[in-house]
Amino acid sequence: MSAWWLLPPLMAAGVTLLNWAIRRGLAAPRLVSTAVPEGLPWQAVAVPTANGKKLFGYFIPGPSRAPALVVMHGWGGNAQTMLPLAAPLHGAGYTLLFLDARCHGRSDADSFASLPRFAEDIEAGLVWLQRQPGIDPVAYGLIGHSVGAGAALLAGTRQSTVKAVVSLAAFAHPAGMMRRWLAAMHVPYWPLGAYILAYVQRVIGYRFDDIAPSRSISRLFCPVLIVHGLADETVPFSEAQEIFAARATDLVELLLVPGSHDDYGDIELHLPAMLGFLATALLPAAV
């Protein structure tokens with residue numbers, strides 16, 4: 001008796017197992033925040049986002065009618081990883097919302113995390129801020145790191161209230177980032193790597209070309225500051241140059257600084273440049 005009839009179900013089972021392994025391998029680690037914005041008037045908030053989920057956040061109100069900033073971490077991070085920016089930004093006169101993206105920190109889980117979902121969560125933060133009293137209703141800015149930076153750039157193309165974006169250590173294109181990950185995992189691109197990239201695009205519901213920071217920047221017409229560490233081994237600084245080269249306006253600035261990926265290019269050492277950029281974009285009366 002032939003066993004060929006077993007082949008289709010075995011192949012289907014193999015594909016199902018492979019897809020499960022891809023999603024498990026790409027899932028972000030969940031690190032729960034343990035620090036708080038000490039010395040600042042913060043409160044923990046729950047921000048509604050897509051799919052009926054809630055985001056954990058630190059809300060730090062600024063002066064009356066202050067411009068507001070949504071701050072988003074990178075893959076596997078949480079709001080705590082961005083807190084070194086809290087005191088200087090608040091001191092400069094901004095209202096702040098630091099968020100945990102879905103599947104990160106203390107926010108709700110969802111079926112998966114992705115750059116577009118990070119962008120949805122940033123946009124949810126903007127909607128939440130617009131309902132709070134005492135905030136400038138037309139002056140909002142975004143600050144993001146790595147995947148969060150790519151998401152900030154994408155959200156900026158869709159939200160007219162966004163008047164400034166600070167991108168910290170963004171990659172130029174998700175396919176390039178994933179191919180580096182595949183190489184680090186010793187996964188050959190053909191045929192397995194190519195399948196993984198196609199599968200991920202199918203799951204997240206977007207082509208990588210449509211959400212790539214190098215594409216988003218060409219659709220952004222507000223001021224953008226691209227910051228990248230020269231010693232970044234996760235995302236080469238040449239990718240910041242690639243994003244910058246694709247800009248649509250002269251409102252985009254590139255700041256290459258000493259530093260690695262996870263310290264955002266030693267951004268704390270370059271706060272004057274970032275604060276000056278934000279002041280020009282969001283605090284015209286202050287410049």
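Values computed for the structure shown
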quantity: Residue count, segment 265-278 (criterion: farther than 17 Å from A86 by Cβ, crowded, with 18+ Cβ neighbours inside 10 Å and at pLDDT 95 or above); calculated: 1
quantity: Residue in segment 192-202 that is touching a residue at least 40 places away in the same chain (Cβ under 8 Å), under 18 Å from the mean Cα position of the chain (by Cα) and assigned by TED's automatic domain parsing to the domain that holds D100 present; calculated: no
quantity: Condition broken by W181, with the remaining ones in (1) part of a helix (DSSP H, G or I); (2) at pLDDT below 95; (3) in the same structural domain as P88 (by TED's automatic domain parsing) satisfied; calculated: (3)
quantity: Flag if F112 is in a helix (DSSP H, G or I) and either assigned by TED's automatic domain parsing to the domain that holds H270 or touching a residue at least 12 places away in the same chain (Cβ under 8 Å) (or both); calculated: no
quantity: Strands (runs of 3 or more DSSP E) contained entirely in segment 13-92, each with at least 1 residues that are farther than 30 Å from R179 by Cα and of a type in the set (S, T, Y); calculated: 54-60
quantity: Residue within segment 205-215 that is of a type outside the set (A, V, I, L, M), closer than 18 Å to G141 by Cα, touching a helix residue (DSSP H, G or I) at 6+ places or on another chain (Cβ under 7 Å) and in a helix (DSSP H, G or I) present; calculated: yes
quantity: Residue among E242, E233, E253 that alone is over 17 Å from the mean Cα position of the chain (by Cα), farther than 30 Å from L18 by Cα, in contact (Cβ under 8 Å) with a residue 12 or more places away in the chain and not in a strand (DSSP E or B); calculated: E242
quantity: Single unsatisfied condition, L97 versus (1) farther than 24 Å from A27 by Cα; (2) out of contact with any Phe, Trp or Tyr (no Cβ under 9 Å at 6 or more places or on another chain); calculated: (2)
quantity: Some residue of segment 139-160 being surrounded by 24 or more Cβ atoms within 10 Å (Cβ to Cβ), more than 24 Å from S216 (Cα to Cα) and touching a residue at least 24 places away in the same chain (Cβ under 8 Å); calculated: no
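The values are calculated or read from the model by the stated rules, or taken from the named source; none is laboratory data. Note that the structure is predicted; figures quoted are calculated from it, not measured. Cβ: placed from backbone, ideal geometry, glycine included. Neighbour counts: every protein chain shown.
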